[in-house]
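Written out below as structure tokens is the structure these notes cover.
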Amino acid sequence: MTDIKSLNFNELCEYVIGIGEKKFRAEQLYQWMHQKLADNFDECTNLSASLRERLKEECEFTHLEPVRIQHSKLDGTEKYLFRLSDGNYVESVLMKYHHGNSVCISSQVGCRMGCRFCASTLNGKIRDLKPSEMLDQIYRIQKITGERVSNVVVMGSGEPMDNFDNLIKFIELLNDPRGLNISQRNITVSSCGLVPELKKLADLKLQITLAISLHAPEDELRKTMMPIANKYSVAELMDVCRYYIEKTGRRISFEYSLVKGVNDSFKCAEELISLVRGLNCHINLIPVNPIKERDYRQTGKDEVYAFKNKLEKNGINVTIRREMGRDIDGACGQLRNKYMEDVNESNGNY
């Protein structure tokens with residue numbers, strides 16, 4: 001079966017012409033999928049009935065089914081749990097800001113990176129998401145809410161660089177003027193630091209925003225938090241970050257989750273300052289979102305601001321991430337894990 005929603009426009013034209021149809025049919029179909037956000041082939045009403053039947057026989061039309069939607073009473077954030085066609089689940093988050101709606105999407109079912117502060121990794125990686133499955137998280141949310149999505153963050157479950165080719169295809173489709181036409185500058189991709197893939201990304205010279213999950217300024221501490229640090233050192237990571245900035249001209253954002261008594265000391269702040277000084281970068285401090293399966297605790301508000309002030313006094317561009325969705329299992333992987341626990345309990349699996 002052809003995953004038709006993952007085809008770019010030229011590939012769709014080749015497919016449509018290859019089955020004996022005119023090119024304009026590809027234009028109509030592409031518009032139905034990526035602008036009008038049709039749920040299925042039957043909604044593509046200006047295609048002939050015979051063409052629609054053939055497409056049903058030969059093609060998969062990706063359509064994610066929302067199975068749980070949670071609304072935050074604190075800030076209007078909405079968290080969506082979607083069922084995929086194979087019965088797996090992924091989650092996405094809609095965050096509403098004054099500058100527009102931002103959707104955080106997943107790039108994999110689960111994750112194999114093993115970061116200790118993240119619920120996505122608890123059951124490992126099941127599989128990569130296809131471009132169409134990444135896109136349809138945005139499409140479903142836009143269709144459900146009736147509101148345009150203007151910013152996309154690939155920072156949900158999964159490591160995007162571990163699904164590199166599908167990620168790049170997803171960005172191409174999302175950026176296409178024939179679709180949602182979301183600017184590359186409004187797309188943020190987060191990575192825990194797969195160095196070879198980050199170099200490949202730099203060579204593409206995309207104008208997206210790259211966010212690096214750093215979380216510790218030196219190797220030994222980072223190894224206790226992020227297993228990827230056993231493969232790539234902080235020095236290697238910083239080298240590829242410098243390469244990325246040189247190739248793209250884009251500023252890098254470093255994500256730094258503050259964990260009480262682990263990486264929130266003044267010593268860590270000083271090491272972080274030394275690490276990033278002179279780089280075109282921004283530090284995003286994140287009060288860690290505790291998950292019940294881990295023993296990490298959140299740094300106190302006063303300590304968070306003290307850490308921030310130390311960085312600022314040394315000329316480092318830094319912000320504290322606004323916490324959103326705390327009352328609706330807002331952290332990556334929490335809603336999916338909770339739903340699977342509920343399902344297992346109802347089926348008598350303990």
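Taken over the C-alpha atoms, the stretch 2-60 has Rg and Dmax values of 10.0, 25 angstrom. Think of each Lys and Arg Cβ as +1 and each Asp and Glu Cβ as -1; about the Cα centre, that makes the dipole of the chain roughly 860 debye.
Dipole orientation for the stretch 92-230: of the candidates L129, C104, Q142, Q142 has the Cα lying most toward the positive pole (charges on Cβ; Lys, Arg +1; Asp, Glu -1).
Between K260 and S233, how high is the FRET efficiency from 1/(1 + (r/R0)^6) when r is the Cβ-Cβ distance and R₀ = 35 Å? Nearest 0.05.
So the FRET efficiency works out to roughly 0.85.
Couplings for the stretch 14-19, taken from phi via the Karplus curve 6.51 cos²θ - 1.76 cosθ + 1.60 with θ = phi - 60°, read 4, 5, 5, 5, x, 9 Hz in order; Gly and Pro are left as x. Against the compact-protein benchmark of 2.2 N^0.38 Å, the Cα-based radius of gyration of the stretch 116-265 scales to 1.09. Within a straight-line Cα-Cα reach of under 21 Å, K205 can be paired with the following lysines, leaving aside sequence neighbours fewer than 8 residues apart in one chain: K169, K247. Helix 266-276 and the longest principal axis of the Cα set of the chain meet at an angle near 50°.
Per-residue Cβ neighbour counts within 10 Å put M1, M134, M225 in the sequence M1, M225, M134, beginning with the fewest. Three semi-axes describe the equivalent ellipsoid of the stretch 44-158; taken as square roots of 5 times the Cα gyration tensor eigenvalues and ordered largest first, they are 27, 20, 11 Å. Per-residue ellipticity at 222 nm computed for the chain from its helices equals -11500 deg cm²/dmol, with DSSP H segments shorter than 4 residues left out and the rest contributing -39,500 (n - 2.57).
Return the subset of K267/K308; K23/K56; K96/K125; K267/K313; K36/K79 for which the Cα-Cα distance in this structure is over 21 Å, preserving the input order. Pairs exceeding the cut-off: K96/K125; K36/K79. Taking the longest Cα principal axis of the chain as reference, the axis of helix 234-248 is set at about 50 degrees.
When you filter the chymotrypsin sites (Phe, Trp or Tyr not before Pro) in the stretch 72-129 for DSSP loop state and at most 11 other Cβ atoms inside 10 Å of their Cβ, nothing is left.
Applying both filters, DSSP loop and at most 10 other Cβ atoms within 10 Å, to the trypsin sites (Lys or Arg not before Pro) of the stretch 60-167 gives K73, R148. Taking amide H positions as modeled 1.01 Å from N, with prolines and chain starts lacking one, the residues under 5 Å from L258 and 5 or more places away or on another chain are I286, V288. Considering only alpha-carbon pairs that sit under 8 angstrom and 6 or more positions apart, the relative contact order computed for the stretch 101-229 is 26 percent. As a ratio to 2.2 N^0.38 Å, the alpha-carbon radius of gyration computed for the stretch 264-318 takes the value 1.23. At q = 0.06, 0.10, 0.12 Å⁻¹ the log10 of I(q)/I(0) for the chain amounts to -0.23, -0.63, -0.89, computed by Debye summation with a single uniform scatterer per C-alpha, solvent ignored.
Seen against the Cα atoms of the chain and their longest principal axis, helix 131-145 is set at about 90 degrees. Note on the stretch 121-150 and the stretch 180-224: Cα centroid distance 19 Å, given to the nearest whole angstrom.
Where does the longest stretch of the chain lie that holds no GluC sites (Glu not before Pro) found in a DSSP loop with 15 or fewer other Cβ atoms within 10 Å?
With a cap of 15 other Cβ atoms within 10 Å, the longest stretch comes to 1-146.
Any read-out appearing in this document is the output of simple, stated calculations on the displayed coordinates, not a laboratory observation. Just so it is clear, the model here is predicted, and its values are computed rather than measured. FYI the Cβ positions are ideal-geometry reconstructions off the backbone, even for glycines, and counts take in every protein chain you see.
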